[in-house]
Amino acid sequence: MYKIKLQDFEGPFDLLLFFVKRDELDVYDIPIARITKEFLEYIQIMQILDLDVAGDFIVTASTLMQIKARMLLPRNENGEDEEEDPRADLVRRLLEYKRYKEMSFKLARLEARQTKLYNRTNFRYDEREIEDDEDEDILKNVTLFDLIASFKRAIDKMPRIKHHSIEKVPVTVEEQMNLIYDKLEKEGKLAFYRLISNMRRIEIVVTFIAILEMARSNRISFEQRTPYEDFVILKQAS
């Protein structure tokens with residue numbers, strides 16, 4: 001089975017920001033118990049998918065659990081020498097990382113826009129075309145954690161199996177990559193939930209790994225019309 005390096009996608013602070021944005025949380029008042037629980041669940045899913053979970057994720061998980069433990073301690077009732085909120089350092093780092101990501105995104109957009117401009121005599125370009133392209137880029141800006149959220153929903157909807165039997169995996173990553181590519185050749189676009197309909201749990205896992213591998217090698221891209229819902233797989237232009 002493939003082992004995909006997670007640094008090819010996003011890191012632990014991207015996952016925290018994903019939770020903040022998805023649930024519209026106040027970054028200065030993060031519900032640490034809930035976030036810690038979800039963070040650990042996502043790490044578990046990454047391990048199920050055989051993703052190479054970087055040490056940063058483990059360190060961040062330990063930090064979250066430490067903060068959670070500190071927040072369970074009784075507060076100083078007299079208010080003297082009150083300690084700083086245990087979440088304060090994490091919030092500072094998270095906001096700093098958010099600013100860095102936003103600036104990187106803006107620079108990337110400026111670079112992309114510059115490549116569309118040509119200094120030619122008697123040539124006019126239509127700014128509306130550039131704006132339309134940018135809107136399309138936004139629709140395709142699907143993160144690894146959006147994909148994992150869809151994968152988690154698909155797995156959660158499957159019936160619970162109370163017994164466990166050992167069986168050989170009926171499909172391989174290579175086979176599922178070929179299946180996806182063939183479908184894209186015929187249809188152009190492919191909805192994730194439709195792709196995995198009627199698949200068994202292990203087949204869904206292998207198919208999702210195949211999707212990640214194809215994304216890592218720039219063979220496919222993604223589109224998501226409604227945030228945190230089903231995503232569409234698109235064939236990348238050669």
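The values are calculated or read from the model by the stated rules, or taken from the named source; none is laboratory data. What you see is a predicted model; the values in this text were computed from it and never measured. All Cβ positions, glycine included, derive from the backbone under ideal geometry; neighbour counts span all protein chains shown.
Name the residue, out of ALA61, ALA112, ALA69, that is at pLDDT 80 or above, exposed (fewer than 15 other Cβ atoms within 10 Å of the Cβ), assigned to a helix (DSSP H, G or I) and not hydroxyl-bearing (Ser, Thr, Tyr).
Within the list ALA61, ALA112, ALA69, the selection yields ALA69.
Listed residues ILE155, ILE130, ILE166; which is modelled with pLDDT of 60 or more and under 22 Å from GLU223 (Cα atoms)?
Working: ILE130 fails: modelled with pLDDT of 60 or more; ILE166 fails: under 22 Å from GLU223 (Cα atoms).
After ruling out the rest, the residue left standing is ILE155.
Looking at SER197, SER150, can you tell me which residue is farther than 22 Å from GLU10 by Cα, modelled with pLDDT of 65 or more, small (Gly, Ala, Ser) and not assigned by TED's automatic domain parsing to the domain that holds PHE39?
SER197
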